Amino acid sequence: MSPSTVSFIEYELQAIALIWMGVIYTIKAVQLSKLPMPWERGEKSGSPQMGVLKSYGSIFMPWSMESSRKHRFRWLGFILYHIGALVAIVNTFTLPFAPSFMTENVKLIFAILIAPSVVIGLIKIIQRLIQPELRYISTFDDYFSLLSLEFFLFFGVMTLLTGAPVWSISYFLITAFFLFYVPFSKISHYIYFFFAHVLTGWRYGYRGINPQKTTQS
């Protein structure tokens with residue numbers, strides 16, 4: 001593959017894909033803003049602002065939600081998986097645009113942070129295949145998104161550890177693919193996540209409903 005093609009994949013293609021994703025999400029945001037948004041009409045019993053803060057804080061307080069309180073390892077897997085995905089995304093910017101920052105030590109740290117998400121992603125795919133309750137509710141998009149993200153994370157690790165062009169090209173090609181595909185997939189939850197926590201936190205804060213403060217077994 002010629003150097004000009006490699007350069008196009010790492011820079012121009014990524015810019016085109018980012019612009020595409022920005023346009024699609026802008027359209028989605030306009031559509032969502034036109035939907036009716038019923039707010040609380042009862043008497044305020046707490047602080048909506050604190051509710052929003054606690055809603056975001058619950059991510060780091062597994063004892064505050066029953067689902068994470070009873071399944072600590074699932075919560076830990078959630079944290080490691082999303083940290084790895086975040087680092088892999090950051091890496092798509094730092095590798096081409098901040099090469100001086102990406103020293104060998106930084107690359108190794110990034111690879112170590114991404115690696116657990118590769119293992120957890122593989123476990124997620126296997127669970128959907130072998131557990132009847134998960135297989136029943138899984139759609140094509142669930143499998144396709146998980147498998148695509150698995151390749152993205154794996155290519156990221158291999159790019160960081162080896163620096164080989166074949167891994168780097170594969171990494172940036174699947175990155176561009178994601179930018180085109182994500183707005184139409186369930187992976188879009190990473191955008192809706194922020195709005196959901198604001199709306200949910202505001203509502204429960206308004207009602208004065210707070211997460212539990214004590215650890216329960």
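The values are calculated or read from the model by the stated rules, or taken from the named source; none is laboratory data. It should be emphasised that the depicted structure is a prediction, and the values quoted were computed from it without experimental measurement. Counting neighbours? That spans all protein chains shown, and the Cβs are built from the backbone with ideal geometry, glycine included.
Some observations on this one:
- Scanning segment 117-130 turns up no residue that is of a type outside the set (A, V, I, L, M, F, W, C), over 23 Å from LEU76 (Cβ atoms) and crowded, with 18+ Cβ neighbours inside 10 Å.
- Whether a residue is within 23 Å of ARG207 (Cα to Cα), assigned to a helix (DSSP H, G or I) and either hydroxyl-bearing (Ser, Thr, Tyr) or over 21 Å from the mean Cα position of the chain (by Cα) (or both) was assessed, and SER7 does not pass this test.
- Helices (runs of 4 or more DSSP H) completely within segment 20-135 that count 2 or more residues being on the phi > 0 side of the Ramachandran plot and at pLDDT below 90: none
- The set of residues in segment 164-173 being without any contact (Cβ under 8 Å) to a residue 40 or more places away in the chain and either within 16 Å of ILE125 (Cβ to Cβ) or surrounded by fewer than 17 Cβ atoms within 10 Å (Cβ to Cβ) (or both) consists of ALA164, VAL166.
- The requirement of being in contact (Cβ under 8 Å) with a residue 40 or more places away in the chain and farther than 30 Å from TRP39 by Cβ is satisfied by THR159.
- Entry remark, segment 175-197: residues being over 23 Å from ILE19 (Cβ atoms) and surrounded by 15 or more Cβ atoms within 10 Å (Cβ to Cβ) number 1 in total.
- Residues located in segment 1-26, provided they are over 23 Å from PRO96 (Cα atoms) and exposed (fewer than 11 other Cβ atoms within 10 Å of the Cβ): THR26
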